[in-house]
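Only one structure is covered here, and it is reproduced in the block below.
The values are calculated or read from the model by the stated rules, or taken from the named source; none is laboratory data. Because the structure is predicted, anything quoted here is derived from the model rather than measured. No Cβ is skipped: glycine too gets one built from the backbone with ideal geometry, and neighbour counts run over all protein chains shown. To get the accessible areas, we keep the full protein, side chains included, count just its heavy atoms, and leave off ligands, DNA and RNA. Shrake-Rupley method; radii C 1.70, N 1.55, O 1.52, S 1.80 Å.
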Amino acid sequence: MATKTVDVTLASIKNTNHFGASPVGVINAKTVRAIDDEEVFQNENLYLRLDRNKPMHSSGATFIPAGKSLTYNVTKRLTVSHEGLDSTENQMLMLAYDLTDTIVVSGQAHEVIYQGSFNHTIHFDDIIGFQAITLDYNAIHFDIVAKILVNYTVDLVS
């Protein structure tokens, strides 16, 4: 069985809105079965904020101002396995998220779900060297769009 060890880093989150962003939820790096990504072998939290009233960053920040970003540099090490071309045991790396935000319209707060780049997968053979990955996530309430860019790195260790 061949394996690859990777360091996955949540480098930063940039707010591209004209108003503050304050995502709540989780961003994970996972190793999953290549033919069935519902089967998870390893799951590491890169971002975890379950309470909107708690800071989203070690600096104490509770939101990301318009046009700004926060640097996280949270790194987790995962091992991805590959048993051969036709094996059902083959794995891939997945960058997954489940995030919400609050959009205020006319004094009313609306909780919306971030959508966008869905769960990004990297197959075993595509894990090579160092990769920088930027994924965009959007929370939409009628014609108001909250957009964040999440920057990751994937570094092949061995």
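Would you call Lys4 basic (Lys, Arg) and under 19 Å from His120 (Cα atoms)?
Taking the combined requirement at face value, the residue satisfies it.
For the stretch 42-60, the set of residues classified as of a type outside the set (D, E, K, R) and free of Cβ contacts under 8 Å to residues at least 12 places away in the same chain consists of Asn53, Pro55, Ser58, Ser59, Gly60, listed by residue number. All conditions in (1) surrounded by 12 or more Cβ atoms within 10 Å (Cβ to Cβ); (2) more than 19 Å from the chain's Cα centre (by Cα); (3) of a type outside the set (Lys, Arg) hold for Gln115, with the sole exception of (2). Residues in the stretch 131-144 that are in contact (Cβ under 8 Å) with a residue 12 or more places away in the chain and farther than 26 Å from Gly84 by Cβ: Ala132, Ile133, Thr134, Leu135, Asp136, Tyr137, Asn138, Ala139, Ile140, His141, Phe142, Ile144. Among the residues of the stretch 121-137, the ones that are more than 28 Å from Thr88 (Cβ to Cβ), open to solvent by 80 Å² or more (accessible area, probe 1.4 Å) and of a type outside the set (A, V, I, L, M) come to 2 in all. Cβ separations smaller than 8 Å between residues 6+ apart or across chains give the following pairs from the stretch 103-117 residues that are more than 12 Å from His141 (Cα to Cα) to residues that are of a type in the set (Asp, Glu) and at pLDDT 90 or above: Gly116/Asp136; Ser117/Asp136. Selection of the stretch 120-131 for residues being in contact with a strand residue (DSSP E or B) (Cβ under 6 Å, 6 or more places away or on another chain) and either part of a strand (DSSP E or B) or not hydrophobic (A, V, I, L, M, F, W, C) (or both) yields His120, Thr121, Ile122, His123, Gly129, Phe130, Gln131. Of all the numbered requirements in (1) on the phi > 0 side of the Ramachandran plot; (2) in contact (Cβ under 8 Å) with a residue 24 or more places away in the chain, Phe63 misses one, and that requirement is (1). Can you tell me which residue is nearest to Leu149 (Cα to Cα) among those in the stretch 14-41 that are open to solvent by 50 Å² or more (accessible area, probe 1.4 Å) and either in contact with an Asp or Glu (Cβ under 9 Å, 6 or more places away or on another chain) or touching a residue at least 12 places away in the same chain (Cβ under 8 Å) (or both)? Within the stretch 14-41, the match that is nearest to Leu149 (Cα to Cα) is Lys14. Of all residues in the stretch 42-90, exactly one satisfies the criterion of being basic (Lys, Arg), part of a loop (DSSP other than H, G, I, E, B) and either at pLDDT 95 or above or more than 27 Å from Asn15 (Cα to Cα) (or both), namely Lys68.
Rundown of residues vs (1) in a strand (DSSP E or B); (2) of a type in the set (Lys, Arg); (3) touching a Cys at 6+ places or on another chain (Cβ under 6 Å); (4) more than 27 Å from Asp36 (Cβ to Cβ), yes/no style:
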{"position": "Leu99", "(1), (2), (3), (4)": "yes, no, no, no"}
{"position": "Ile103", "(1), (2), (3), (4)": "yes, no, no, yes"}
{"position": "Phe118", "(1), (2), (3), (4)": "no, no, no, no"}
{"position": "Ile133", "(1), (2), (3), (4)": "yes, no, no, no"}
{"position": "Lys147", "(1), (2), (3), (4)": "yes, yes, no, yes"}
